[in-house]
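Below is one structure, written out as structure tokens; comments come after it.
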Amino acid sequence: MNKSSQVHPKGIHARILLTSVFGPYAQDDEFGSRTINPMELYHNQVTRAQGGFSLRMFHRSWGIMMIQHNISAPCTLLDFPTREDFARELTAHQYDIVGISSILVNLGKVREMCRIVRQLSPYSTIVVGGHVAALPALDQLIDADYIVRGEGISWMRRYLGEDPDAPISHPQIVSGLKTRVMGVPLLERKGGTAATIIPSVGCPMGCNFCTTSAFFGGKGKFVSFYESGAELYNVMCQAESTLGVQTFFVMDENFLLHRKRALQLLECMKAGKKAWGMAVFASANAVRQYKIEELVELGVSWIWMGLESRQSRYAKLKDTDSLELTRTLREHGIRVQGSTIIGLEHHTPDNIREEIEHAVAHNTDFHQFMLYTPVPGTPLFEEMTAQGRMLEDIDLADIHGQDKFNFRHAAISRDDSKRFLDWAFWRDFERNGPSLYRMCETMLQGWRRYKDYPDPRVRERFARETAKLRTVYSAALWAAERYFRKINNDVSRQIRQLRSQLTREFGAVSRLVSDTMGPVLLWTTRREERRLAAGVTYEPPMILERRNWIPLAGRG
Ligand code: B12
Ligand code: SF4
């Protein structure tokens, strides 16, 4: 039942459990886990075809972290529990409210978690939020008390009788965990990983397929947590001192679109002498609002950018030569992660290869490919539904953009959609080589261009970013060159050229490290490939965090 929102009788004294959906994720099961849909950003949708070179990493559930951090009630957060962990927590403590966060693909898990709550903790109020809430008639599919559409911090504050518009306090978030590449787990040391900063949710561009934009209001709308650059600067300073970071993963769908805020931030960074680096998401039209030096001085070192087909009509790409833009960004040391949709309306079996070749020709550092996927809540879904083109019998668990179409395409069959998608990943890898190599190439270009730049902050950032290029990345390139020698000589040759440039730039140290560590990395990469071939998958660790917590007498 979806009751109209009211204040919980216990207000801020209500005890809350916030949880993500349960794992394990990278396996096929009755609750909607799929081997093809692991809880990994890169391996799921970016570097999936790169074998042992694929970047493996997990990200926390930031939405519920933000909610937990902005309420006064005693609150436990469970990230990546198993069903058993979830059940244990429900019985070990008495919870007045259980909040479940999910996206559409995990609907089956939400249903099961609601069932478990009713069974083990019948007096708890169940609140479900996140993108799953975009599903019409969700209240008929799961047994929840509240379904929250859109921004959740203000909703939860209101439900607890707190001020929904109070300033947002940002949690300290280490952006990635359990990183692994070439079969080697990376050391998790303080400051070694970027901090995630979430300035806003939603995007005003309103592309028809975009679920994030639609969920937070659609075209022209978004929800800003920090309006000014100065506020954002303070949040980043806190993360710098608490987590010891210099690099930030800025989780905002279109960070650079908000030019005034970004330039205010730049002023603060200059005044505070901050040599920070920043990974951002931005549309091409937003990137073009800046001079390249502005981006570099702002510390932008990585941009995730949509590179839809030349024939697509998305406003974000209007008047942009995306090939030229990508090349320029990389020449200035900015790593580019392209994102391309397979199966747009104008795609046909005859033109799709050419379209994929065009995407691959961008030679981005990373490239995400996703199927054109109408999902509930978006204008595209409404259009397709009105045209009677949605396929009714597809399990939501399979609608994650990496399997097959969930609608009738005018020219491409479902089975072919998967074939073309897989070919795109394969072709990008075949032509451009492993992302690790491409990243090194971009970093070297940046270093050469900016090592003597007048602004000391910029020099410091490039020196910091390049430190690994002299050592461990050189060794990784040694291994990659050998690895590809017999299977893709063209890529091997490109890597060799880069290696000789590195040796010229960094001299004996780089050569020494490559010669000693390179063979080890070649061995670990091959071992990793054997493990993957044998079916090994990776799962995120379960994390439990309590806040404002006072144990109850008896039950804790
Ligand atoms: C980080 C991320 C991931 C991480 C997941 C980490 C995790 N622990 O779950 C990774 C990389 C693994 C991932 C994977 C996938 N993701 Co993802 N991901 C994101 C991303 C980039 C950021 C999410 C985020 O933290 N946003 C910031 C926070 C503050 O916003 P939020 O999560 O929406 O939370 C707010 C509200 O939704 C609400 N809320 C959230 N939870 C709750 C709970 C309660 C109780 C309440 C009241 C409110 C509430 O309040 C929050 C604050 O306002 C979003 C895009 C985006 N910009 O949001 C896509 C996104 C969520 N992912 C999406 C998809 C499709 C996937 C994949 C299926 C894609 C794929 N093939 O790889 C897989 C699924 C993997 C799986 N097995 O479940 C879609 C969801 C679409 C949909 N309609 O369901 C999104 C929106 C991207 C997109 N535009 O298509 N993803
Ligand atoms: S520009 Fe990107 S984030 Fe914004 S609406 Fe379009 S696809 Fe979504």
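The values are calculated or read from the model by the stated rules, or taken from the named source; none is laboratory data. Small disclaimer: the values here were computed from a predicted structure and weren't measured. Note that each Cβ is placed from the backbone with ideal geometry, even for glycine, and that neighbours are counted across all protein chains shown. To get the accessible areas, we keep the full protein, side chains included, count just its heavy atoms, and leave off ligands, DNA and RNA. Shrake-Rupley method; radii C 1.70, N 1.55, O 1.52, S 1.80 Å.
What to note about this one:
- When segment 114-144 is filtered for residues that are among the polar types (S, T, N, Q) and either outside any loop (DSSP other than H, G, I, E, B) or near ligand 1 (Cβ under 8 Å from one of its atoms) (or both), the ones remaining, listed by number, are Gln119, Thr125, Gln140.
- Counted residues, segment 239-256 - those being open to solvent by 40 Å² or more (accessible area, probe 1.4 Å) and within 25 Å of Val287 (Cα to Cα): 4
- Among residues of segment 1-32, those that are surrounded by fewer than 22 Cβ atoms within 10 Å (Cβ to Cβ), modelled with pLDDT of 95 or more and either part of a loop (DSSP other than H, G, I, E, B) or within 8 Å of ligand 1 (Cβ to nearest atom) (or both), counted: 13
- Qualifying residues in segment 420-460 (those that are touching a strand residue (DSSP E or B) at 6+ places or on another chain (Cβ under 8 Å) and aromatic (Phe, Trp, Tyr)) - the one farthest from Gly338 (Cα to Cα): Phe420
- The single condition among (1) farther than 30 Å from Leu521 by Cα; (2) buried (at least 19 other Cβ atoms within 10 Å of the Cβ) that Pro164 does not meet is (2).
- Check on Leu444, of a type in the set (A, V, I, L, M), out of contact with any helix residue (DSSP H, G or I) (no Cβ under 8 Å at 6 or more places or on another chain), open to solvent by less than 10 Å² (accessible area, probe 1.4 Å) and closer than 30 Å to Val491 by Cα: no
- Within segment 461-508, the set of residues being crowded, with 22+ Cβ neighbours inside 10 Å, farther than 26 Å from Gln246 by Cβ and aliphatic (A, V, I, L, M) comprises Ala479, Ala480, Ile495.
- Selection from segment 68-113 of residues that are assigned to a helix (DSSP H, G or I) and farther than 25 Å from Gln140 by Cα: Gln68, His69, Glu84, Asp85, Arg88, Glu89, Thr91, Ala92
- Within segment 433-472, the set of residues being part of a helix (DSSP H, G or I), over 27 Å from the mean Cα position of the chain (by Cα) and within 20 Å of Arg499 (Cβ to Cβ) comprises Arg448, Arg449, Arg470.
- Within segment 33-67, the residues that satisfy the criterion of being more than 6 Å from ligand 1 (Cβ to nearest atom), of a type in the set (Phe, Trp, Tyr) and in a helix (DSSP H, G or I) are Tyr42, Phe53.
- Per the conditions (1) more than 28 Å from Glu528 (Cβ to Cβ); (2) touching a His at 6+ places or on another chain (Cβ under 9 Å); (3) buried (at least 22 other Cβ atoms within 10 Å of the Cβ), the sole criterion not satisfied by Ser435 is (1).
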